Amino acid sequence: MPYFDHSATTPVHPDVLELMAITQRDVYGNPSSVHAQGRKAKSIIEKARSQVAAAIGAKPDQIIFTSGGSESNNQVLRSVLNMNKKHIIATAIEHPAILNVLKSLEQFGISHNCISVDPNGTMNFHEFENSIRDTTGLISVMLANNEVGTIQPVQEIVKTAKPKSIPVHTDAVQCLGKIPIDVDELGIDYLSLSAHKFYGPKGSGILYIRDKKFISALIIGGGQESGLRAGTENIALIAGIGLAAEIATADLSGRARNLTDLETQFKTGLKEFFPNAVFNGNNVHKLPGLINVSFPGFRSDILVAKLDRAGMAVSSGSACGSGIVEPSDILKAMGVEDELNTSTLRISFGSTNTADETADLLSAINSIITS
C-alpha cells in the first residue's frame, strides 16, 4: 500500500530495525551495573546520546531519553509547578500534548495564554509580545505544525524572551530529517522530539535541556538520565533512536529536495483536474512534503475511506484525532469554515515515496471525485 501519512508515523528504517534486534538479543545488562554487560549497555546509551546531540547541534549531556514527544512536552510544562513564575504562553495550534497539559495545570494555579494565528497558521507576534507578563515562566511554541506544516518564528520568540529571562520550549516532533535543527541557532532552552516521526521506533523520544537546573523530573525513582527520568533504560529503543537521528540528518538537503519535488508534483497535478482545491497553511515557511488540502464538496472521512479501499493511506487532519468526523481545531484557529474544514486531507510524503506513487495517488483522487 502506498503510504502518504508520514506525519502520523514513519516506517522504521531497516538499519534501525536490525540494530534494535541485535541489541535486544545481545545486550541484556542493566546499564547501571558495573560489570561488563552493564558497561556495554551503558556505552550504547551514550553512543545514541552523542548521535542525537550531533543531529541537533547539542552537547550529549543536554539530551535525555523519554518515551516520546508527549512525555517530553509534559516534563517541560509540569516543571513550571516548581517555578516561582506561574504563567505560560503557547499558541492556539499546539499539539494536544501541550494544550491539554496546560488545561490540566489550571487546577494548580498555572495560567496560560494561547496566541492566535493568521490564516496561514503563523502566530500573531504582536499579540504574543503583549501577552508577556512579569509572571511568565515559560513560552512553548511548536517549531512546525503537525497538520499544516507552518514553521513558527521561534528565533524571534527567543530574541523577545531572552532579555526577560523567560525560557523557551519548542515541540519539534515533526521537524527532524525535514529541516535543519540547531538548538544554538534557535536559542531555545528545551526541545522535544519523537523517534517514530523520523523512521525510528515508537515509544521513544528525546528532550533537549540547555540547563538541567531549571527542569524537574516527571518520573521519580532511581538516578537514571541525570536524575531526570527514572527507570531502567530500554537499550534497544535508545540504540534505535540514535541511529535513526543520524540517518535522518544525513544528506538533509537531498531529503528535503525530494519531499519538495513530490509536494510540487502533487499540487500541480491536483490543480489540473480539481482547480477548486484549497491548500491550507503557509506556502513558504513550511515543512517540505506536508500538504493540507481541502476538497470543497467532498467529506474528508469519505475520501479517506475510498482512498484506503484504493490502497492509498492518507489522513484527515491530525492522526491523534482520527476516527472522529469533526472540524480540526487547528484549521478552526486559522479561520477555516467548518464545511471546508471537514473536507480536508493531510498528505505527508516520506523518504520511500516515489513520483510514480504520487501519480497513482492523483489518479485515485481523480477517479473518486469524478465518479
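Over 29 Å between C-alpha atoms is what I'm after, so list which of 86/159; 47/103; 47/202; 202/271; 271/332; 42/86 land there. Write down the numbers at each step before the final one.
Working: 86/159 21 Å; 47/103 37 Å; 47/202 19 Å; 202/271 36 Å; 271/332 24 Å; 42/86 37 Å.
Check vs 29 Å cut-off fails for 47/103; 202/271; 42/86.
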For a test of the definition: using alpha carbon positions, the gyration tensor, and the 1.5 limit on a/c, classify the chain as rounded, prolate or oblate.
oblate
Just from the alpha-carbon atoms, what are the Rg and Dmax of the stretch 252-370 in angstroms?
13.7, 38
Rounded, prolate or oblate: which fits the stretch 222-280, taking a ≥ b ≥ c as square roots of the Cα gyration tensor eigenvalues, rounded meaning a/c under 1.5, else prolate when a/b beats b/c?
prolate
Among 219, 128, 102 - extreme Cα towards positive end, dipole of the chain, charges at beta-carbon
219
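For the peptides 238-247, 300-309, 217-226, what is the packing order when you average, over each peptide's residues, the other Cβ atoms within 10 Å and list the highest mean first? It would help to have the intermediate numbers written out before the result.
Numbers: 238-247: 26.4, 300-309: 16.6, 217-226: 15.0.
Most protected by this proxy first, the peptides run 238-247, 300-309, 217-226.
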Okay, which of the stretch 194-227 sit inside 14 Å, backbone N to the point 7 Å along the Cα-Cβ direction of residue 34?
none
Can you find, among 302, 273, 81, the residue sitting farthest towards the positive end of the charge dipole of the chain, where Lys and Arg contribute +1 and Asp and Glu -1 at Cβ?
81
Report the Cα-based extents of the stretch 121-264 along its three principal axes, largest first, to the nearest Å.
50, 45, 24
So which residue, out of 27, 314, 293, gets the largest mean-square fluctuation from a GNM of the chain using Cα contacts under 10 Å as springs?
27
What is the magnitude of the charge dipole of the stretch 270-361 about its Cα centre, with +1 placed on the Cβ of each Lys and Arg, -1 on the Cβ of each Asp and Glu, and no other charges, expressed in debye to the nearest 20?
100 debye
Please express the Cα-Cα pair-distance distribution P(r) of the stretch 97-192 as a list of whole percents, one per 10 Å bin, running from 0 to the bin with the greatest distance.
14, 49, 33, 4
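Read-outs: derived from the displayed coordinates by stated rules, not from any lab. Quantities reported herein were computed from a predicted structural model and do not represent experimental measurements. Heads up, the Cβs are rebuilt from the backbone with ideal geometry, glycines too, and the neighbour counts pull from every protein chain shown.
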